[in-house]
Structure formats: structure tokens, C-alpha cells
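Worksheet: one structure, shown below.
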Amino acid sequence: MPSFIVKYVRVVDYISTRFGRIAMLLIFLMIGTLLLDAITRNVLDIPLFWCVELAQFTLAAYYIMGGAYSMQLNTHVRMDLLYDRLSDRNKARMDSFTAIFLVIYLIVLLIGSISSTIYSIETNQRLFSMWNPSVVPIKVIMVLGILLMLLQAFSTFFKDLAKSRGVELA
């Protein structure tokens with residue numbers, strides 16, 4: 001593989017790892033938020049209206065930012081009726097082929113998320129609730145997560161393409 005592809009794979013894998021490990025820590029923020037909600041509502045009898053929505057935003061950021069890392073580690077959900085019976089090289093060939101559809105899907109998703117984020121910024125979109133939070137931060141996180149997943153999809157494609165040719169890449 002050309003050196004710029006090897007460098008691309010290393011850089012994107014590094015970024016995906018960093019963001020993925022940071023995203024893993026968000027579960028503790030979500031647990032803390034829900035624990036705070038449970039204590040203030042049930043023990044102190046002071047309901048906090050923002051806790052559940054913050055936990056929902058945190059969960060969304062958790063899985064959106066962790067998608068690329070999950071793909072990098074090959075721990076995502078896979079439908080493998082026949083896939084498991086293939087050799088490693090044929091698995092890499094199959095993954096290279098299906099990556100085309102993944103990339104198309106992620107590009108459409110990225111275009112939609114950018115459009116939705118621009119709309120949210122222009123209209124100062126907020127959730128209709130007592131807390132009334134802005135949705136702009138989570139939509140920006142959504143765009144970044146989808147972009148990172150798209151970059152990781154290309155990285156994985158290059159690794160699979162190299163493996164299908166009998167070469168290990170990074």
C-alpha cells in the first residue's frame with residue numbers, strides 16, 4: 001500500500017481510539033446524572049427536570065462517538081450467516097465489498113446531519129420540555145461522530161483491501 005494510505009490508517013485509528021476511550025467515560029457521567037436524579041427525586045423530594053434529558057444526550061454522545069472505535073476494534077454487530085465460514089482473506093474481500101455500501105450510507109447520513117445541524121443553529125432549536133435545552137451541541141457531536149465513523153470506514157476498507165491481497169496494514 002502507498003505510504004500516504006498507511007499514514008492515513010494510522011492517524012484515523014489513533015483519533016478513533018482517543019475519541020472512543022473518551023466516549024467510554026461518558027457512561028459514568030450518565031450513571032452519575034441518573035443517580036443524582038434518583039436521589040433528589042426520591043430521597044430529597046426535589047425533582048430535577050434536566051437529569052433525564054441530560055442522560056439521554058449523554059447516551060446519544062456515547063454511542064455516536066464510540067461508533068468509529070467499535071468499528072476499529074471489530075466489535076460491532078455483524079450478521080454472519082455465511083461470513084464466519086469464510087477464510088480471513090475472503091472475509092477481507094467481503095468486508096471490502098460491503099464497505100462501499102457503508103460509505104454511501106454514512107455520506108448520506110453526514111449530509112443529513114450537517115443540514116439538520118445548520119437548521120438547528122439558524123433557528124436556535126430547543127427541545128420542548130421544562131428544561132428547554134438547545135439541541136445544537138448534540139447535533140454537532142452527531143456530525144463529528146458520523147464524520148469520524150466515515151473516516152474509520154475508509155481506514156477499515158484500506159486494511160481489508162490490504163488483507164485481501166495478503167498484506168497486513170498497521
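Coordinate-derived values only; no laboratory data. For clarity, every value in this text was computed on a predicted model and none was experimentally measured. As a convention, Cβ positions derive from the backbone with ideal geometry for all residues, glycine included, and neighbour counts pool all protein chains shown.
Quick notes on this one:
- Residue order, fewest to most surrounding Cβ atoms within 10 angstrom, among Asp84, Asp37, Asp95: Asp84, Asp37, Asp95
- Relative contact order (%) - the chain, alpha-carbon pairs under 8 angstrom, separation at least six: 33
- Inter-centroid distance (Cα atoms) of region 42-60 relative to region 108-156, Å: 22
- Given [x] 18.2; [y] 18.8; [z] 17.4, the label whose value is Kirkwood radius over Cα pairs in Å derived from this model: [x]
- Dipole magnitude for the chain: computed about the Cα centre from +1 point charges on Lys and Arg Cβ and -1 point charges on Asp and Glu Cβ, it is near 580 debye.
- Computed [θ] at 222 nm, helices only, for the chain once each DSSP H run of length n ≥ 4 contributes -39500 (n - 2.57): -27500 deg cm²/dmol
- Considering only Leu73, Leu106, Cys51, the residue lying farthest towards the positive end of the dipole of region 3-164 is Leu73, judged by Cα position with unit charges set on Cβ.
- Using alpha-carbon coordinates, inclination of helix 88-123 to the longest axis of the chain, degrees: 30
- Segment Ala60-Met1, extension gain: residue separation times 0.36 nm, minus the distance between their alpha carbons: 17.6 nm
- Look at Leu44, Leu161 and count the other Cβ atoms within 10 Å of each Cβ; fewest to most, that gives Leu44, Leu161.
- Backbone HN-Hα couplings from phi across region 38-52 [Karplus 6.51/-1.76/1.60, Hz, Gly and Pro as x]: 5, 5, 5, 7, 8, 8, 8, 6, 10, x, 9, 6, 8, 5, 5
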